[in-house]
Amino acid sequence: MTSSRDRSTIPLFLSQRPEYLAYRYRGAEGSLTLPAYKKESAGCTIIYYGEIFCRFPGCKRGRKGFPSTSALRSHVTNQHNMITGPQNSGSITEKMKEEAKAWYCGLVATHDTDMEGEGNEDKDRSDP
Ligand SMILES: [Zn+2]
């Protein structure tokens with residue numbers, strides 16, 4: 001009896017995005033190639049808002065997603081001994097939102113076209 005009401009744990013700005021829904025769907029399906037974790041200069045592993053799949057290479061939770069990002073963070077911390085970035089779920093900035101959205105866009109787009117071997121998720125927003 002697992003009621004999948006997990007969407008409530010996902011920030012609203014993501015739960016409505018088609019690329020994010022595609023991420024969840026394709027991730028569970030196993031048709032999504034997730035990039036490996038990368039670390040910030042401070043040694044923290046970046047986990048974006050809304051992430052539920054573990055990106056550690058070979059991890060069995062790569063497809064079996066977690067109900068929430070915080071559960072994923074705990075898993076990464078405990079199972080892979082990585083330090084994840086600060087979690088301030090209460091105060092998410094516009095920049096964080098943009099970064100997360102861009103990341104999911106990149107994931108889906110990369111999958112749609114062809115894998116070129118590297119996932120470049122650095123997108124600069126230039127305001128007019
Ligand atoms: Zn894992």
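Values in this text are rule-based calculations from the coordinates and carry no lab data. As the structure is a computational prediction, the values presented were derived from the model and not from experiment. All Cβ positions, glycine included, derive from the backbone under ideal geometry; neighbour counts span all protein chains shown.
Per-structure values
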{"read-out": "Highest to lowest packing among 44-57, 23-36, scored as the average C-beta count within 10 Å", "value": "44-57, 23-36"}
{"read-out": "For the stretch 9-111, alpha-carbon Rg and Dmax in angstrom", "value": "12.7, 33"}
{"read-out": "Residue among PHE13, CYS59, TYR48 farthest towards the positive dipole end of the stretch 9-111, charges placed on Cβ", "value": "CYS59"}
